[in-house]
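> Once you've had a glance at the structure underneath, I'll fire off some questions.
The values are calculated or read from the model by the stated rules, or taken from the named source; none is laboratory data. All of these numbers come straight from a predicted model, not from anything done at the bench. We place every Cβ from the backbone using ideal geometry, glycine too, and count neighbours over all the protein chains shown. Just so you know, the surface numbers come from the protein's heavy atoms only, side chains and all, with ligands and any DNA or RNA stripped out. Shrake-Rupley method; radii C 1.70, N 1.55, O 1.52, S 1.80 Å.
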Amino acid sequence: MSHSKEIIDAADKYVNLKLQAEAWYVKATKITLENVMELLQYADAKNCALLKEAAMDFVAENHAEVIRQVPMRDAPEGLLAELLAAFARKFSNKNVDDDLSTMRVNDLRKLLLEKGLNCDGSRETLIATLKENA
């Protein structure tokens, strides 16, 4: 896992490489109760929206175990909004595909690319950019 973090750290200088490295890291990383908080902290610190979303989805899918076993005192600020978005994607009966606040990061990035806009950043940054350029 630490080698993958080095790749993201190095790629952080180059947006496209960072996005590719982040996508690879998300696919290669098994999220568990033991590492979910570390991954959330790292994703937040390095602005890895895909990794953060994957960790949030894990929390939503395993919420009962997470509540019992994962100390949340070290959770990154702003965790609640992203956690609620993950729960909305998981449990909502409504169509959330058109709601920017609950869209998956890849879908937000696709919309930005279609408009010729920068597609790097946190979920909040991606949504703000889309709203500014609507």
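> Can you give me the Cα centroid spacing of the range 57-134 and the range 39-56 in angstrom?
Cα centroid to Cα centroid, the span is 11 Å.
> Something else now. Express in nm, to one decimal, how much length is gained between residue 115 and residue 75 on full extension, taking 0.36 nm for each residue of separation and deducting their alpha carbon distance.
Taking residue 115 through residue 75 to full extension adds about 11.1 nm, to one decimal.
> Next up: Counting only heavy atoms of the protein chains, get the accessible area per residue of the range 42-134 (1.4 Å probe) and round it to a whole Å² value.
Heavy-atom SASA per residue in the range 42-134 reads 58 Å².
> Counting only protein heavy atoms and a 1.4 Å probe, tell me what percentage of the range 62-134's accessible area is made up of carbon and sulfur.
Heavy-atom surface of the range 62-134 belonging to carbon and sulfur, 1.4 Å probe: 51 percent.
> Provide Rg over Rh for the range 22-134; use the alpha carbon set for both Rg and the Kirkwood Rh (inverse mean inverse pair distance).
Dividing the radius of gyration by the Kirkwood radius yields 0.97.
> Ranked from highest to lowest mean number of other Cβ atoms within 10 Å per residue, what is the order of the peptides 45-51, 22-28, 103-109, 78-84?
Peptide ranking by packing, descending: 45-51, 103-109, 22-28, 78-84.
> Now for a separate question. Might you work out the accessible area of residue 99 for me, using a 1.4 Å probe with all protein chains in place, and round it to the nearest 10 Å²?
Counting only protein heavy atoms, residue 99 exposes about 70 Å² to solvent.
> Would you kindly state how much longer the chain becomes between residue 64 and residue 38 on full extension, computed as 0.36 nm times their sequence separation minus their alpha carbon distance, in nm to one decimal?
Once the chain is fully extended between residue 64 and residue 38, it gains 7.5 nm.
> Could I ask something else about it? Using the Karplus equation 6.51 cos²θ - 1.76 cosθ + 1.60 (θ = phi - 60°), what ³J(HN,Hα) coupling, rounded to whole Hz, does each residue of the range 106-122 give in order, writing x for Gly and Pro?
Ordered by residue, 3J(HN,Hα) equals 4, 5, 4, 5, 4, 4, 5, 4, 4, 8, x, 9, 4, 10, 9, x, 6 Hz.
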